[in-house]
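Working notes, structure below.
The values are calculated or read from the model by the stated rules, or taken from the named source; none is laboratory data. Nothing here was measured: the structure is a model prediction, and the numbers come from that model. Don't worry about glycine lacking a Cβ; one is built from the backbone with ideal geometry, like all the others, and counts go over all protein chains shown. SASA here: full protein model, heavy atoms, side chains in, ligands and nucleic acids out. Shrake-Rupley method; radii C 1.70, N 1.55, O 1.52, S 1.80 Å.
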Amino acid sequence: MNTLPQASSFAPDVDHLFDALLLLCGLVVVGVFAAMIFFCVRYRRGSAAERMPARAHLGVELTWTLLPFVLFMGIFGWSVHLWIRLRTPPKDAQPIYVVAKQWMWKVQHPDGAREIDTLHVPVGRPIRLVMTSQDVIHSFYVPAFRVKQDVLPDRYTELWFTATQAGTFNLFCAEFCGTDHSRMHGEVIVMAPADYARWLQAHAGIGLAAQGERLFRQFGCSGCHDPQSGVHAPDLYDLYGHTVPLSDGSQVLADERYLQDSILLPKKQIAAGYAPIMPSFQGRIGAEDVLALVAYLKTRTHAAEDTDEHR
Amino acid sequence: MSTVERVPPPRSYLEEGYGLRSWLTTHDHKRIAILYALGITFFFFLGGLAAALVRLELVTPAGDLMSAETYNKAFTFHGVVMVWFFLIPSIPATLGNFLLPLMIGARDVAFPRLNLFSWYLYVGGGVFTLLCLLLGGVDTGWTFYTPFSTLFSTSHVLLAVVGVFIVGFSSIFTGLNFIVTIHTLRAPGMTWFRLPLFVWSMYAVALVMVLATPVLAMTLSLIALERLFGVGIFDPALGGDPVLFQHFFWFYSHPAVYIMILPAMGVVSELITAGARRRIFGYRFMVYAIIGIAVVGFLVWGHHMFVAGQSMYASIVFSILSFIIAVPSAIKVFNWTATLYRGDIGFDAPMLYALGFVGLFMLGGLTGLFLAATALDVNLTDTYFVVAHFHYIMVGGAVMAYLGGIHFWWPKITGRMYSEAWARFAAILMFFGFNLTFFPQYILGYEGMPRRYHEYLPQFQVWNVLSSAGATILGAAYLLPLFYLAWSLRHGARAGPNPWDARGLEWQTASPPPPHNFEQTPTVTEGPYAYR
C-alpha cells in the first residue's frame, strides 16, 4: 500500500489500521457515489421514472446513524490499543537525549557520544528518546518509524521505538519553528548491533581549523554562536557556500566576504529570524585573525563536528 | 375591454440610493450583505494570490523562487486571510445577512445598526491585516504558536493579532444579531421546525460565534501582553506554558472549523432540495445533526494536540469525541443522497456545486477519521495529509457551497440571470482543478512530507508538481465567475421572482426584493421544502 519503508516495530501495525480504515472509507465512498450517480441518472428531470411522494423513514435514519457509530467505535478501540503501546516505552528501553534548537537536532548518547542532525541506533533494541528544546517548539518525526513527538522548551517529552531494519531514514522537524524550519532535517541511521557498538567506540579524529577555533572561543564568539548558547544567534554550521536569507527578504551567498563582513559589520546584513544584537569587532580583531576565523567557519560543518566530538 | 391601471413595481433595495453614502450608511441587511461580499471577494483573491506563490515555490524541491522568510510569510498570510477574512464571514455575512430575514419573513435583522457596525469592524480588522502585509508581513503561521510568536519571531505579529482581534468582534456581533433575529422576528406560523435548514445552520453558527470567539480575543490579548510587556503566560523562560496556548487557540479554532462548514451544509440543503425538487430527506435528523455538530464541536479541540505533549488519556477522550462528531456529518451526507431518490433532478450550476460539495466534503470528512484515530494521527499530523484534509473541508466544502449559494441566489440578489453554460463550466472545472490540487497532498502527507516546508526532498516532487498544476486550473476556475457574474449585471436576462421554482419564502418576493423585503408580512402555513 505504501512506498515508505516499515522500519520500526510500530510501522506494520499502524499500516494495518490505516489500511483497514481506508477500506472501510473506500466502501462508504463507493456506496454513496454509486447511489448519487444512479439517482442522478434515473431521476434526471424529464426521465420517465416513477416518483412517489416522500415519506419519513425512521428505521433508515436510525440504521445509518447507528451503523457508522458502531464501526467508528471499532476503529477507535483498535486505535487506542495501538496508541497506548506507542506511548508506553518498555522499562529496558535505552535512553538517548535529544535537544532541538533553531534549526538543528543535537543528540547525546549516554556514554558521551554526541552527534548533530543524525541519530545512530541499533536494530532490535527499544530506544527511548528524551527530548527538549532550547527555543521554540519543534517536532521529531521519522516517517519510516511512524513516530512523531513535539519537542517543547523547558520540558521533556518522550518518544520510543524499536528499529527493525538497518538503513538510513529521514528525520524531519514537523512543527513550524521559524525561518529555516524546512532545513531542520537529518537522518536516523539504523545499524546492526555490532556495527553500532563499533560506531560508539570509534574515535574519528579530524582537526578543526585550530587557530580559528581557539579565537572563536577567545573572542567570545562561541558565547552566542555555539548551539549550547542561550543567546538567539545563528549557530554558523554549514554556513560557508550556502545561501542565507536576510531579514529584508533578500538572500546572500555566504562566501569569505560575507563571513568577514559579518564579523566586522554585523549590522550590514542581518540574517532572517534574528535580532541585530551582535556587536561589531571592527578595530578589535586583526585581519589575520579574521582570516583564521573565516577558515574555521568554513570547516564548521555538522559532519566535521560529528566526527570531532567523538575523538 | 377593461383598462388595467399600471401599478409601478415596488422599488427594489438596489434603487434605494445610488451614491457611495447611501451604501456606507445603509441599515438594510441586503445592502450590508453586498458590502461584505465585496470585502470577502477582495480578500479571497488576495489570499489566493498568496497560495499561488506558495504553490509556485513548491514546483521545485529547492527554495529557489523566494527566501524561506518570504515563503513563511506567504503561507501565513494565506492562512490568516482565508480563515478570518474569507471563510468565517463568507456564508454567514453575505448569504446569511441577505437571506436570513427573507427566509423567516422578517423586514430586517434585529439590530440593523449593529449589523452595519459589524461590517466596519470587518473592514477595520482588514486594514490592520493589510498594514501588516505592507510593512513586511508575519511569519508565524496562522496558528500563532508560542513561544515562537511571542519571543522569537521578528515579524509584525502584533499587527496581525490586532487585525484578527478586531475582526473577531465583527463575527461576535453578527452571531448575536442572528440569534436575536431568529428568536424574535419569525413571521406568523414560522415555527422552529418550519425553519429552512439554512436558517438552522445560521442559528447554530451564531451560537458558536458568540461562545467561541471571545476565547480567541482573550488568547490574542495574552499574546500581545507577553510580546509587549514580557508577562509570562506561554513562554517557559518566563514561567509560562506553550501548550496552554494551543489549548486556548484550538478551543476557539476547532469550533471555528464548524463556523466555516455548518453554513455550507445549510446552503447545500437548500440547493439540493431545489435542484431535485424534493423535500429534504429526514428534516428533523438534519436539524439534530446541525445542533449536534455545533455542541460536540466544542469538545474536540484536543485532537489537534495528540503529539503536542498532551496526556495520553486526554488524547483518548478527544479521540472518541472526534469519532462521535463524525456521526452527524455522516447522517447529513446520507440524507442529501437520499433526497435525490425519486427526485426530479435538474443540473443547473447551483446543483453542480452542491453535488460537488457532497463528494468533496465526504472525502474531507472521512479522512478526518484517520486524524481522529490517535495511532494514525501520530504519523499523519503536521504533514500534507492534514493540509489536504482541511482543504477538502474548507475549500472543497465551504467554498464550493459558498459559490453554489451565490449562483443560486444571484437572481434574487441582482434580479438577473448569469450565463448558465459558463457557470456549469466553471463548476466542473473547479471540481477537477480542486481534486488535482489537493488529492496529491494526501499522498505526500502519507509518504511523510511535513507541512510548511519551503524546501523539500526531491522524492516528493512529482506530487508537488501535480498539485501546483491543479492549483493553476483551480485559480482559473475561480476567476471565471468574476467575469460572467459581472457581465450578467448589465446583460443578464431578467430573473423574475422565482426562476428555480423554489419554495422558500425568499422566492415569494420580487427579485431584487423591495427595501423591506415583503409588501405584506407573509403567513407561513407549512413546513419548508414543500416540493414533492
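Selection of first residues in region B:337-349 that are assigned to a loop (DSSP other than H, G, I, E, B) and of second residues that are of a type in the set (Gly, Ala, Ser), restricted to Cβ pairs under 7 Å at least 6 apart or on distinct chains, gives the following pairs, ordered by first then second residue: B:343/B:276; B:344/B:276; B:346/B:275; B:348/B:275. Of all residue pairs spaced 6 or more apart or on separate chains, those with beta-carbon atoms under 8 Å, a first member in region A:90-105 that is outside any loop (DSSP other than H, G, I, E, B) and a second member that is open to solvent by 10 Å² or more (accessible area, probe 1.4 Å) and hydrophobic (A, V, I, L, M, F, W, C) are A:95/A:130; A:96/A:130; A:97/A:130; A:98/A:130; A:104/A:116; A:105/A:99; A:105/A:116. Of all positions in region A:172-182, none carries a residue that is out of contact with any Lys or Arg (no Cβ under 6 Å at 6 or more places or on another chain), away from every other protein chain (no Cβ under 14 Å) and at pLDDT 80 or above.
Here is the figure for region A:6-15: residues that are open to solvent by 40 Å² or more (accessible area, probe 1.4 Å) and either at the interface with another protein chain (Cβ under 10 Å from one of its Cβ atoms) or farther than 21 Å from residue A:169 by Cα (or both) total 1.
Could you tell me whether residue A:42 is more than 7 Å from every other protein chain (Cβ to nearest Cβ), touching a residue at least 40 places away in the same chain (Cβ under 8 Å) and either surrounded by fewer than 17 Cβ atoms within 10 Å (Cβ to Cβ) or more than 29 Å from residue A:14 (Cβ to Cβ) (or both)? For residue A:42, the condition - more than 7 Å from every other protein chain (Cβ to nearest Cβ), touching a residue at least 40 places away in the same chain (Cβ under 8 Å) and either surrounded by fewer than 17 Cβ atoms within 10 Å (Cβ to Cβ) or more than 29 Å from residue A:14 (Cβ to Cβ) (or both) - is not met. Among residues of region B:462-482 that are touching a residue at least 24 places away in the same chain (Cβ under 8 Å), those with a beta-carbon under 6 Å from a residue that is surrounded by 15 or more Cβ atoms within 10 Å (Cβ to Cβ) and polar (S, T, N, Q) at least six positions away or on a different chain give the pairs B:467/B:437; B:467/B:441; B:470/B:437; B:471/B:437; B:474/B:437.
When A:75, A:37 are checked against the criterion of being more than 30 Å from residue A:274 (Cα to Cα) and either open to solvent by 60 Å² or more (accessible area, probe 1.4 Å) or part of a loop (DSSP other than H, G, I, E, B) (or both), A:37 stands alone in meeting it.
The selection criterion, being at pLDDT 95 or above, closer than 29 Å to residue A:134 by Cα and β-branched (Val, Ile, Thr), holds for residue B:80. Within region B:494-515, at least one residue is farther than 29 Å from residue B:276 by Cβ and either at pLDDT below 95 or open to solvent by less than 70 Å² (accessible area, probe 1.4 Å) (or both). Each residue in region B:511-532 was checked for being aliphatic (A, V, I, L, M) and either on the phi > 0 side of the Ramachandran plot or touching a helix residue (DSSP H, G or I) at 6+ places or on another chain (Cβ under 9 Å) (or both), and 1 of them qualify. Only one of the listed residues (B:239, B:266) is over 21 Å from residue B:79 (Cα atoms), modelled with pLDDT under 95 and small (Gly, Ala, Ser). That residue is B:239. Name the residues in region B:266-308 that are within 13 Å of another protein chain (Cβ to nearest Cβ), closer than 21 Å to residue B:191 by Cβ, open to solvent by 10 Å² or more (accessible area, probe 1.4 Å) and part of a helix (DSSP H, G or I), would you? Listed by number, the residues that qualify are B:283, B:284, B:285, B:288, B:292. Looking at region B:144-161, which of its residues are modelled with pLDDT of 90 or more, assigned to a loop (DSSP other than H, G, I, E, B) and open to solvent by less than 10 Å² (accessible area, probe 1.4 Å)? Across region B:144-161, the qualifying residue is only B:144. Is there a residue being under 24 Å from residue B:216 (Cα atoms), hydrophobic (A, V, I, L, M, F, W, C) and more than 20 Å from the chain's Cα centre (by Cα) anywhere in region B:88-110? Checked against the condition, which is being under 24 Å from residue B:216 (Cα atoms), hydrophobic (A, V, I, L, M, F, W, C) and more than 20 Å from the chain's Cα centre (by Cα), region B:88-110 yields no hits at all.
Considering region B:196-229, the residues that are out of contact with any Gly (no Cβ under 9 Å at 6 or more places or on another chain) and farther than 21 Å from residue B:255 by Cβ include one that is surrounded by the fewest Cβ atoms within 10 Å (Cβ to Cβ), namely B:229.
The set of residues in region B:76-106 that are within 14 Å of another protein chain (Cβ to nearest Cβ) and surrounded by fewer than 24 Cβ atoms within 10 Å (Cβ to Cβ) comprises B:78, B:79. In the set B:356, B:397, B:343, only one residue is buried (at least 23 other Cβ atoms within 10 Å of the Cβ) and facing chain A (nearest Cβ under 7 Å); that residue is B:343.
Restricting attention to region A:241-264, the residues that are in a loop (DSSP other than H, G, I, E, B), open to solvent by 70 Å² or more (accessible area, probe 1.4 Å) and either touching a Phe, Trp or Tyr at 6+ places or on another chain (Cβ under 9 Å) or charged (D, E, K, R) (or both) add up to 1. I'd like to check something: does region B:332-339 contain any residue that is of a type in the set (A, V, I, L, M) and touching a Cys at 6+ places or on another chain (Cβ under 9 Å)? For region B:332-339, residues of a type in the set (A, V, I, L, M) and touching a Cys at 6+ places or on another chain (Cβ under 9 Å): absent. Scanning region B:269-282 for residues that are closer than 11 Å to residue B:332 by Cα and within 23 Å of the chain's Cα centre (by Cα) yields a total of 2.
Of all residue pairs spaced 6 or more apart or on separate chains, those with beta-carbon atoms under 8 Å, a first member in region A:174-192 that is outside any strand (DSSP E or B) and a second member that is open to solvent by less than 10 Å² (accessible area, probe 1.4 Å) and of a type in the set (Lys, Arg) are A:174/A:148. If we scan region A:82-91, do we find a residue that is at pLDDT 95 or above, open to solvent by less than 40 Å² (accessible area, probe 1.4 Å) and over 30 Å from residue A:134 (Cα atoms)? Yes, because at least one residue in region A:82-91 is at pLDDT 95 or above, open to solvent by less than 40 Å² (accessible area, probe 1.4 Å) and over 30 Å from residue A:134 (Cα atoms).
Scan region B:523-532 for residues that are surrounded by 19 or more Cβ atoms within 10 Å (Cβ to Cβ) and either touching a Gly at 6+ places or on another chain (Cβ under 8 Å) or not hydroxyl-bearing (Ser, Thr, Tyr) (or both) and the total you get is 1. Mind checking which residues of region A:140-169 are more than 7 Å from chain B (Cβ to nearest Cβ) and part of a strand (DSSP E or B)? Answer for region A:140-169, where residues must be more than 7 Å from chain B (Cβ to nearest Cβ) and part of a strand (DSSP E or B): A:140, A:142, A:151, A:158, A:159, A:160, A:161, A:162, A:163, A:167, A:168, A:169.
Residues that are within 14 Å of another protein chain (Cβ to nearest Cβ), out of contact with any strand residue (DSSP E or B) (no Cβ under 8 Å at 6 or more places or on another chain), part of a loop (DSSP other than H, G, I, E, B) and open to solvent by less than 20 Å² (accessible area, probe 1.4 Å) are absent from region B:23-36. Touching a residue at least 40 places away in the same chain (Cβ under 8 Å), hydrophobic (A, V, I, L, M, F, W, C) and either in contact with a helix residue (DSSP H, G or I) (Cβ under 6 Å, 6 or more places away or on another chain) or open to solvent by 30 Å² or more (accessible area, probe 1.4 Å) (or both): is that true of residue B:164 in this structure? Here the answer is yes, as residue B:164 does meet what is asked.
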